[in-house]
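Undergrad: Pasting a structure below so you can have a look.
The values are calculated or read from the model by the stated rules, or taken from the named source; none is laboratory data. Everything quoted here is computed from the prediction, not taken from an experiment. When we count neighbours, we look across all protein chains shown, and the Cβ atoms used for this are built from the backbone with ideal geometry, even at glycine.
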Amino acid sequence: MRKIILSWIVCFSMLGFTLAQHTVTGKVVSAEDGSPLPGVAILEQGTTNGTITNLDGDYTLKVSSPNASLVFSFVGMETQTIPIEGKTRIDVTMQPSAIGLDEVVVTALGIKRQERALGYAMSSISAKDITKVGSTNVGSALYGKAAGVRISTAPGGATSAVTINIRGINSISFGSQPLIIVDGVPIRNGESNNNGYWGDPRIRGNGLIDINPEDIESVSILKGASASALYGSEAGNGVVLITTKSGRGGQKGLGVDFNMTYTQEKVAFTPKYQNEYGPGYDRWTNMIAFGADEDGWLWEDLNGDGTKETPRPIYRAYAQFGPKFDGRQVIGWDGKMHPYVAQPDNYKDFYRTGLSGIYNIAVTQNSDKSNFRLSYTRTDYKGIQIGGNHYKNSFNLNGQIKVGSRITTDLVISYIDQFTHNRPEQINRLTANYGGFFSRFDKMSWYFDKYKTSKGYLYDRYNAGQTPTPDEKLKYHIRAYDLMDFMWRQLENSYDEYNDRLIGSLTTTVDLFKGIKFRGRVATDYTSAYEQTKNRNERPLALANSGYFSQNNSTYSIVYGDALLLYDGKLTNDFTLTLNAGVTGRKESYRYSGASTSGGLSVEDWFHINASINTPNAWTGYTDFIKYAYLGTVGLGFRNYLFIEATGRQEASSTLPPKSNSFFYPSINGSFIYSDALKLPSWIDYGKLRVSWGIVGNAPQQYAANNAYN
């Protein structure tokens with residue numbers, strides 16, 4: 001009996017092991033355009049076992065049984081349950097959700113249309129989907145929420161730029177970012193431009209991250225040329241339309257909302273290293289170039305008796321082919337004795353636990369004649385990289401007043417005040433540079449202890465010359481000097497950014513006649529920025545010149561306006577007609593100036609331009625450009641299931657010569673709701689065909705067309 005029971009236990013164990021090893025892989029794409037869908041949730045039905053697709057839409061999941069089923073879910077897409085049936089690869093095409101297709105959405109230039117009438121691709125994301133994950137910026141909150149939209153965030157958290165690519169990279173020479181529209185206002189965004197390895201290593205931000213997620217009501221993403229042709233050259237890479245929350249649509253009277261989000265961040269992935277061998281090269285190099293023995297040991301005479309009795313590895317080595325870890329006592333490069341064992345978490349110890357707190361309070365009022373929403377959001381952020389912190393205060397007012405029965409005026413104002421100390425740096429100077437390598441034997445605490453001396457100056461190398469602390473020179477020549485230089489920059493030097501930004505718009509809509517409206521808007525986006533760099537003296541002035549101070553002032557402004565005449569009415573009981581015509585204009589200006597010391601600071605740690613040893617450096621500059629356009633649309637609908645629309649935009653840009661600076665952007669699109677027009681099987685809830693064509697392109701940037709030749 002015992003043998004029978006034991007046999008059954010073994011069989012079930014083997015069966016469980018076999019089933020647990022069944023692996024399913026595949027790719028998930030959108031039915032709209034065949035693009036991969038990142039962030040799709042895949043769950044083994046009836047369990048908590050699951051995964052999500054990567055940036056390329058690929059996934060891998062180990063399941064408990066080859067006869068299980070997988071559930072695929074994604075915001076805005078129909079959830080699918082697919083039996084595995086023993087297959088090892090399952091590719092999935094996800095269909096847009098039919099829910100809400102009759103809803104009204106905001107399209108180009110703030111024109112509202114039924115989603116069923118759209119003949120081009122468009123994704124809509126609600127406020128709930130944006131704020132429920134507690135993202136510190138709106139770009140990160142959009143991750144995985146729209147088909148064909150790829151979100152890339154730099155590893156700097158709340159202060160780092162967000163790159164949005166709609167249907168891939170659309171320009172070789174110029175920017176790849178979409179046009180960002182907030183309540184009808186085109187705002188400053190810019191590229192995620194980081195100068196990389198040899199230039200400025202700090203991870204810069206762009207304008208999108210200033211927008212407060214707590215104030216967003218909805219986001220619409222216009223994809224393709226037909227969807228964005230009304231914006232012309234501004235929208236060569238697509239359009240992201242952001243609508244902020246208002247007091248409309250809620251209960252009458254006064255209301256108060258309070259939200260708080262607190263999150264922690266920890267480094268997710270660190271380089272994978274072996275933990276069996278310490279620093280050193282191959283045996284021949286160890287012996288010939290460094291004088292090590294066959295096992296890679298160097299021997300030191302610590303007692304001064306002429307006998308080299310204490311071992312150490314070659315700390316200068318960037319390779320990890322040295323002595324095997326065996327726990328013996330060795331002399332470390334910090335001058336102390338340590339057991340020779342691996343430090344598997346030394347890379348993780350380079351980072352800290354990040355903290356993020358978002359606190360929002362909003363007051364709303366709603367009546368028949370007016371409504372408003374006033375909100376304040378405080379964001380405090382400390383990222384996982386040492387030495388930096390960030391705070392942001394965001395104020396938003398969205399109000400509407402009705403004057404009589406025909407005139408409505410909307411006022412939207414956002415003010416953002418923020419401060420960033422020691423913006424995070426890219427660490428490729430550490431991970432892709434021999435001067436940043438440290439061994440599996442090194443404790444990260446040694447670097448934190450040794451990057452500066454007891455007198456507050458930069459560390460002294462083992463072979464440093466005259467120094468005020470000769471006893472604190474590094475005991476041996478090491479490899480990771482760049483790591484300690486990084487710590488000095490982040491923990492002792494200071495780089496501070498102060499930014500104030502005002503985004504505002506005033507819109508008036510007048511009902512002229514039945515079905516005919518006039519809408520006029522003026523808007524601005526103004527940013528004032530101040531940057532200050534304070535680099536401490538690395539040595540006493542008597543030994544060497546060092547230290548640095550600089551300050552930069554810049555302003556960036558957009559002045560925008562548009563005027564539209566809109567008609568929406570019925571021609572007959574079967575046909576509807578929409579006509580829109582108008583003009584739009586935009587002027588951008590950028591001014592900057594700055595000064596810095598040269599040759600070091602004449603007084604130790606005196607951060608002032610007057611402390612410059614040599615003649616200070618100074619710079620100033622500006623850029624301007626203007627764009628304007630005449631535009632129009634015409635749309636025809638038949639029985640609410642067949643729609644066709646054509647648009648045109650004649651645009652002029654000051655970035656081209658006056659006689660060659662005008663160009664035309666046309667588009668046409670159609671939509672056919674065949675599930676309403678035809679008698680179909682009952683299991684078809686909704687069916688739609690759409691087709692679109694359009695032309696958009698990037699105009700040259702400022703002064704890019706001014707070529708001079710010798």
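Undergrad: Can ASN614 be described as at pLDDT 95 or above and assigned to a helix (DSSP H, G or I)?
TA: no
Undergrad: Could you look through the stretch 640-695, keep only residues that are under 23 Å from PRO96 (Cα atoms) and among the charged types (D, E, K, R), and pick out the one that is modelled with the lowest pLDDT?
TA: Selected residue: ASP685.
Undergrad: Are there any pairs, at least 6 apart or on different chains, whose C-beta atoms fall under 6 Å, with the first in the stretch 54-78 and under 28 Å from SER152 (Cβ atoms) and touching a residue at least 24 places away in the same chain (Cβ under 8 Å) and the second surrounded by 16 or more Cβ atoms within 10 Å (Cβ to Cβ) and among the acidic types (Asp, Glu), and if so, which?
TA: From the stretch 54-78, the pairs are VAL75/ASP129.
Table: residues versus (1) surrounded by fewer than 17 Cβ atoms within 10 Å (Cβ to Cβ); (2) of a type in the set (Val, Ile, Thr).
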site	(1), (2)
LYS570	yes, no
ASN573	yes, no
ASN580	no, no
GLU588	no, no
TRP619	yes, no
THR623	yes, yes
TYR630	yes, no
THR647	no, yes
SER654	yes, no
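Undergrad: Checking the condition touching a strand residue (DSSP E or B) at 6+ places or on another chain (Cβ under 6 Å) and surrounded by 16 or more Cβ atoms within 10 Å (Cβ to Cβ), which residue from TYR340, TYR262 passes?
TA: None of the others qualify; the one that does is TYR340.
Undergrad: With the requirement that a residue be in contact with a Lys or Arg (Cβ under 9 Å, 6 or more places away or on another chain) and of a type in the set (Ser, Thr, Tyr), what does the stretch 465-509 give you?
TA: Hits for the stretch 465-509 are THR467, THR469, TYR476, TYR481, SER494, TYR495, SER505, THR507, THR508, THR509.
Undergrad: Exactly one condition in (1) in a strand (DSSP E or B); (2) in contact with a helix residue (DSSP H, G or I) (Cβ under 8 Å, 6 or more places away or on another chain); (3) under 16 Å from ARG202 (Cβ atoms) is not met by ILE384; state its number.
TA: All conditions are met except number (1).
Undergrad: If you don't mind, another one. Pick out, from the stretch 116-176, the strands (runs of 3 or more DSSP E) lying fully within it that include 3 or more residues that are at pLDDT 75 or above and not β-branched (Val, Ile, Thr).
TA: In the stretch 116-176, the matching strands (runs of 3 or more DSSP E) lie at 122-126.
Undergrad: For GLN274, all conditions in the list (1) closer than 30 Å to TYR347 by Cβ; (2) surrounded by 14 or more Cβ atoms within 10 Å (Cβ to Cβ) hold save one; what is the number of the exception?
TA: That leaves (2) as the condition not met.
Undergrad: Let me ask another. Taking the stretch 183-224, which residues are modelled with pLDDT of 80 or more and either part of a helix (DSSP H, G or I) or not assigned by TED's automatic domain parsing to the domain that holds VAL559 (or both)?
TA: GLY207, LEU208, ILE209, ASP210, PRO213, GLU214, ASP215
Per-residue answers, yes or no, for (1) surrounded by fewer than 19 Cβ atoms within 10 Å (Cβ to Cβ); (2) under 28 Å from GLU497 (Cβ atoms); (3) in contact (Cβ under 8 Å) with a residue 24 or more places away in the chain:
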{"site": "PRO323", "(1), (2), (3)": "no, no, yes"}
{"site": "LYS336", "(1), (2), (3)": "yes, no, no"}
{"site": "THR364", "(1), (2), (3)": "no, no, yes"}
{"site": "ASN389", "(1), (2), (3)": "yes, yes, yes"}
{"site": "LYS402", "(1), (2), (3)": "yes, no, yes"}
{"site": "ILE407", "(1), (2), (3)": "yes, no, yes"}
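Undergrad: State which residue pairs qualify: first residue at pLDDT below 90 and inside the stretch 278-291, second residue not in a loop (DSSP other than H, G, I, E, B) in any location, beta carbons under 6 Å apart, and separation of 6 or more residues or different chains.
TA: Pairs found: ASN286/GLY280.
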